[in-house]
Structure formats: C-alpha cells, structure tokens
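No value in this document is a laboratory result; all are computed from the given coordinates. None of the values given here were measured: they were computed from a predicted structure. Don't worry about glycine lacking a Cβ; one is built from the backbone with ideal geometry, like all the others, and counts go over all protein chains shown.
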Amino acid sequence: MKRHITLGEFIIENQKDFPYAKGELSALLSSIRLAGKMVNQEINKAGLANIIGAVGLENVQGEDQQKLDVLANDMFISTLKNRGEICGIASEEMEDFISFNESIHSDAKYVVLIDPLDGSSNIDVNVSVGTIFSIYRRVSPIGTPATLEDFLQPGNKQVAAGYLIYGTSTMLVFSTGNGVNGFTFDPGIGSFFLSHPHMRVKEGGKIYSINEGNYVHMPEGVKRYLKWCQELDPATNRPLTSRYIGSLVADFHRNLLKGGIYIYPQGTTAPKGKLRLLYECNPMALLIEQAGGKASDGKNRILDIDPSELHERVPFFCGSTEMVEMAEDFIAKFG
Ligand code: AHG
Ligand code: MN
Ligand code: MN
C-alpha cells in the first residue's frame with residue numbers, strides 16, 4: 001500500500017529547492033507545524049468554554065482563561081523563539097515587533113510575521129478560523145537585534161508563506177516560491193499528510209466573496225463590478241455565486257479550491273480597507289500567484305507594495321486571474 005507523504009518528509013525531500021539557508025528554513029517550517037498543532041488543539045476545545053470556563057474567568061487551576069487569539073499568539077511566539085531559527089517576530093496581536101537576542105538566535109537569518117488567529121469572531125459560532133504566516137530573510141546583519149527594516153519588506157521578498165486552516169479538518173497550506181502544497185492533519189497519528197499537491201486556482205470560477213453590507217461605502221468601480229457579477233448572462237456564466245464566511249483564511253481556501261475572487265475594498269469608513277498588508281495580504285498574495293492567480297489593491301500588484309508600517313492596511317482583490325482583472329477593469333473605468 002502506498003501511503004501519503006508527511007509534511008516532514010516533504011520538507012526534507014524539497015529543501016534542495018528552498019531559497020537561502022535550507023536547513024534553517026526546514027526547521028522553521030517544522031516549528032510552525034508544531035505551533036499549529038498546539039493551536040489546533042486549543043481551538044478544538046473552544047466549544048467547551050462553558051464547561052471548562054469562559055474567557056476572562058479562572059479555570060480550575062486558578063489560571064485566567066485567555067482569549068484564543070492571545071493564546072495562539074503566545075504559542076507561536078514561544079515555539080518559534082525556543083527553536084532559534086528566527087531573530088524576531090511581528091504579530092497582529094502586538095503593537096511592536098519582538099527581537100530575540102539569546103545565544104540560540106545569534107545565527108538566525110529569518111523573521112516571521114503572523115496573524116495568529118484569523119477570523120477570531122467566528123470562534124464562538126463554530127466556524128473555521130486560521131493562522132497566517134509570512135517569512136523573510138532578515139536584511140540587518142546576522143547576530144544583531146532585529147530591526148523594523150527586517151519586517152518592512154515588500155511581499156515579493158517573502159521566502160515562504162502560508163496558512164493553517166482549522167476547519168472540518170485542519171490543513172497547512174504553504175509555498176516556498178515553488179508552487180503551493182496542502183497538507184491535512186490526521187489527529188489520530190498527529191501528522192500532516194500531503195493531500196493537495198501542486199494546488200492551482202481554478203479558472204472560470206463562479207464565486208465572489210465580499211462583505212456586501214459595506215456596499216454604500218464602496219468605491220463606484222467595486223459597486224459596478226458587483227452589479228456585473230449579479231447580472232443575468234448565461235454566456236459568461238452569470239449571475240455568479242456569493243460566498244462570504246468572514247474568515248479570510250476560510251474564504252481564501254474555498255476560492256483557491258473552487259475558483260473565485262475575494263474582495264475587501266477601501267470604503268468611506270476604512271480608506272485603506274481592513275486587511276493588513278504584512279501578515280494577511282502578502283502571504284495570501286504569494287500563495288495565489290504561486291497557484292496561478294492574482295492579487296492586487298485594485299490597481300497594483302500586492303507583492304510590489306513597499307510597506308511603511310507594521311500594521312498597514314491595504315485594499316485586497318485576490319483570486320482567479322480573469323476575475324481579478326475584470327474587477328480591476330471596473331476600477332480603472334469608474335474609480
Ligand atoms: P482577524 O480575526 O484576524 O482580526 O481578521 C478578521 C478579518 C478577516 O479574517 C476577514 O476576512 C475580515 O476581517 C472580515 O471582516 P468583516 O467582518 O468586516 O467582513
Ligand atoms: Mn485576520
Ligand atoms: Mn487575527
């Protein structure tokens with residue numbers, strides 16, 4: 001019987017194609033795998049909050065129950081810190097980045113940016129959430145503290161990026177710039193197995209994903225594009241189908257598999273949109289491009305944006321190439 005290969009085996013087999021410090025990137029991906037398993041375990045218990053104690057209350061050991069996004073943040077930080085492959089980390093949950101300066105970090109060549117729990121408002125209603133990560137090679141000298149410049153690099157400099165989705169099954173999907181591969185967690189064995197090799201975003205997708213409640217605030221080009229999606233035209237497969245979960249990871253994952261476009265535009269209340277460039281849009285942009293799709297801010301390639309701050313926001317149009325280009329055409333015409 002031929003069995004599927006594990007994530008660990010895949011990393012060893014493929015590290016010859018990894019850019020730069022191959023062994024260290026392999027070890028870093030293994031650390032992310034470990035942290036992901038730990039977060040997965042906590043998320044699976046979330047529904048038991050009423051039994052084991054709700055957030056903010058003390059548990060039986062007299063410890064405060066932490067919010068899951070803080071807990072996920074702590075788990076990723078401590079796991080990545082303990083392994084010594086990165087010199088610093090930035091996260092949605094922290095105002096500033098952290099520099100790791102112990103002796104095990106003195107050779108560290110990478111920095112990581114994370115959204116430790118994406119879609120956290122969906123936890124209480126038993127809907128899929130995720131973790132998003134982005135990895136860069138540091139630009140400051142090895143052996144010195146990490147600097148802001150290490151984190152403020154354009155997405156086209158990412159060495160690797162990916163996400164974990166904690167859904168009906170838990171998956172790790174990532175790219176090191178050489179295609180996208182998806183691994184599904186087998187909880188009985190405790191390993192991720194390669195289930196989705198060489199992922200490609202389906203062209204001719206029918207799904208558009210956007211929070212339409214924000215319609216009045218949207219730019220004219222996006223409003224017109226949405227109306228185009230809803231028009232009857234059998235020749236172009238319209239009307240399209242609307243699907244929106246409210247967890248970027250889950251919306252992205254579905255559209256990657258089925259073909260579609262995800263949009264979080266700028267609006268009158270959010271002039272640069274809602275999503276964060278460095279740990280939400282850039283990693284997803286790398287993945288979608290590596291899967292044959294496209295990601296833009298409505299005009300420009302996401303991966304070419306020069307970031308100026310850690311928590312910078314950006315409008316996000318991401319998915320099947322022809323769908324993103326159609327949305328861009330409407331924006332070019334109507335603004
Ligand atoms: P987070 O839970 O990390 O703060 O991210 C929430 C994000 C993203 O996951 C999702 O696509 C978007 O917010 C949904 O926003 P709306 O509720 O405004 O649609
Ligand atoms: Mn998020
Ligand atoms: Mn988050």
Tell me the Rg and the Dmax, in Å, that the Cα atoms of region 238-291 produce.
12.0, 34
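Calculate for the chain the 222 nm mean residue ellipticity that helices alone would give, adding -39,500 (n - 2.57) per DSSP H run of length 4 or more and normalising by residue count, nearest 500 deg cm²/dmol.
Numbers: 9 runs with 100 residues, N = 335.
Calculated mean residue ellipticity at 222 nm is -9000 deg cm²/dmol.
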Along each of its three principal axes, how wide is the spread of alpha-carbon positions in the chain, in whole angstrom units, largest first?
60, 51, 49
Lysine-lysine proximity count for region 207-334, Cα under 20 Å, sequence distance 8 or more or distinct chains:
14
Per-residue HN-Hα couplings for region 222-237, Karplus 6.51 cos²θ - 1.76 cosθ + 1.60 at θ = phi - 60°, whole Hz, x for Gly and Pro?
5, 4, 5, 5, 4, 5, 4, 4, 8, 6, 8, 7, x, 4, 10, 6
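Is there a quick way to get the dipole size of region 207-334? I mean about its Cα centre, with the Cβ of Lys and Arg at +1 and of Asp and Glu at -1; what is the value in debye to the nearest 20? Show your work: numbers first, answer last.
Numbers: 15 positive and 16 negative charges, 66 e Å.
Here the size comes out at about 320 debye.
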Name the residues whose placed amide hydrogens come within less than 5 Å of the amide hydrogen of residue 191, ignoring near sequence neighbours (fewer than 5 apart) on the same chain.
186
Furthest towards positive pole of dipole, 127, 90, 169, structure part region 7-196, Cβ charges
169
Here region 147-163 yields Karplus 3J(HN,Hα) values (6.51, -1.76, 1.60; θ = phi - 60°; whole Hz; Gly and Pro given as x) of 10, 4, 4, 4, 8, 8, 9, x, x, 5, 9, 4, 8, 7, 7, x, 8
Quick query: amide H of residue 267 versus all other amide H atoms, modeled in the peptide plane; which residues come in under 5 Å with a sequence gap of 5 or more or a different chain?
272, 273
Sorted by packing (mean other beta-carbon atoms within 10 Å per residue), highest first, where do 282-293, 88-99 land?
282-293, 88-99
Would you mind counting up the charge near residue 42? Only other residues with Cβ under 12 Å from its Cβ, with Lys and Arg at +1 and Asp and Glu at -1.
+1
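Kirkwood hydrodynamic radius, computed over distinct alpha-carbon pairs, for region 7-196: how many Å, to one decimal? All intermediate terms of the calculation are to be shown ahead of the outcome.
On the way: mean 1/r = 0.0580 Å⁻¹.
One over the average 1/r among Cα pairs gives 17.2 Å for region 7-196.
Roughly what % antiparallel, to the nearest 5, for the DSSP beta bridges in region 7-196? It would help to have the intermediate numbers written out before the result.
Values: 33 of 38 bridges.
If I count the DSSP bridges inside region 7-196, around 85 percent turn out antiparallel.
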Quick one: what are the phi-derived ³J(HN,Hα) couplings along region 73-86, Karplus 6.51/-1.76/1.60 with θ = phi - 60°, whole Hz, x for glycine and proline?
4, 4, 5, 5, 5, 5, 5, 5, 5, 4, 7, x, 8, 10
Helix 22-44: inclination vs the chain longest Cα principal axis, degrees, rounded to 10, gives 80
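Of the GluC sites (Glu not before Pro) in region 142-235, which ones lie in a loop per DSSP and count no more than 15 other C-beta atoms within 10 Å? Please list the in-between numbers first.
Working: sites: 149, 203, 212, 220, 231; in loops: 203, 231.
Taking region 142-235 and a limit of 15 other Cβ atoms within 10 Å, the loop GluC sites (Glu not before Pro) found are 203, 231.
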